[in-house]
Structure formats: C-alpha cells, structure tokens
1. Go through region 72-116 and report how many residues are in a strand (DSSP E or B), buried (at least 17 other Cβ atoms within 10 Å of the Cβ) and among the acidic types (D, E).
2. Those residues that are among the β-branched types (V, I, T) and touching a Pro at 6+ places or on another chain (Cβ under 8 Å), I need them from region 89-127; list them, please.
3. If I filter region 10-26 for residues that are modelled with pLDDT of 95 or more, assigned to a loop (DSSP other than H, G, I, E, B), surrounded by 15 or more Cβ atoms within 10 Å (Cβ to Cβ) and not hydrophobic (A, V, I, L, M, F, W, C), do I get at least one hit?
4. What's the total number of residues in region 87-111 that are within 30 Å of E18 (Cβ to Cβ) and out of contact with any His (no Cβ under 9 Å at 6 or more places or on another chain)?
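The values are calculated or read from the model by the stated rules, or taken from the named source; none is laboratory data. This is a predicted model, so every value here is computed, not measured. Cβ placement follows ideal geometry from the backbone for every residue including glycine, while neighbour counts extend to all protein chains displayed.
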Amino acid sequence: MVFQYTDAFVTLATNDIENIVVFYTNVLGEKPIKLIPNIYAEFQLRSVKLGIFQPKKTNESEFINSPKSKISLCLEVSNFEDAIAHLTALGYPPPGEITTASHGREIYAYDPDGNRIILHQSKMDSG
C-alpha cells in the first residue's frame with residue numbers, strides 16, 4: 001500500500017536562524033508565511049515551500065552543516081544577471097563562473113551557512 005502525502009517541502013537546519021531568515025527574506029523579496037522566532041520560518045515559493053528551522057539542542061549534532069552537502073536549492077530565474085547582482089549586493093556573490101549546458105545557464109551561490117543555491121535560467125529564457 002502506498003501512503004498518501006498532502007504536501008512536500010524542503011527544509012534547512014541552521015544554528016543561526018535569524019541571519020538565515022533575513023538572508024532568504026532579502027533574496028526572495030518576501031517575508032515568511034509562518035514565523036516562530038528563533039525556531040522556524042516558512043516561505044511559500046511558487047512551487048515548493050522552504051522551511052528553515054533551529055534544531056533542538058538534543059538533535060543539533062544531526063544537522064552539522066557540511067560544505068559538501070548534496071542538497072541544493074535551485075532557483076529558476078528570468079533574468080540571470082539581475083539575480084547575480086542581487087546576491088552580490090547582499091554580500092553573497094557567486095564565487096564561480098557561469099556554466100552553460102543543454103538545459104540553460106547556471107551559477108552556484110551559497111547562503112550564510114554554506115548551503116548551495118543554484119541560480120538557473122533555462123535555455124528558452126536565456127535569449
């Protein structure tokens with residue numbers, strides 16, 4: 001028997017929740033739809049929810065941030081250069097080069113905790 005789910009979303013664990021919530025508020029240009037100060041924030045993106053939470057002290061070691069995380073938040077953008085400029089203005093410029101693949105252009109950026117953000121512009125939108 002297959003279980004039924006009602007929703008799906010991505011969550012990020014952080015030990016600096018206030019800073020990360022401010023970062024994503026600035027990146028996304030919107031405030032969280034749910035906010036429990038110092039515990040949890042949730043953003044409703046177009047097709048996915050992004051939850052950010054502060055782990056309980058008893059579970060903290062489970063969520064130690066790793067610079068080699070295999071999880072990435074991919075944000076499809078309509079204007080690649082504007083998105084890069086916005087992250088740069090916030091103090092988090094993408095450190096690498098723009099890559100071009102069959103599906104479009106990408107560049108990696110990182111949030112204050114080192115979680116990878118992939119800015120992507122599909123080939124159809126890249127002019």
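1. Result for region 72-116: 1.
2. Going residue by residue through region 89-127, those that are among the β-branched types (V, I, T) are 98-100, 107, 117-118.
Hit for region 89-127 is I107, nothing else.
3. Checked region 10-26: no residue is modelled with pLDDT of 95 or more, assigned to a loop (DSSP other than H, G, I, E, B), surrounded by 15 or more Cβ atoms within 10 Å (Cβ to Cβ) and not hydrophobic (A, V, I, L, M, F, W, C).
4. If we filter region 87-111 for residues that are within 30 Å of E18 (Cβ to Cβ), which is where we start, we get 87-96, 106-111.
Right, trim to out of contact with any His (no Cβ under 9 Å at 6 or more places or on another chain) and you get 87-96, 108-111.
Going through region 87-111 one residue at a time, the tally reaches 14.
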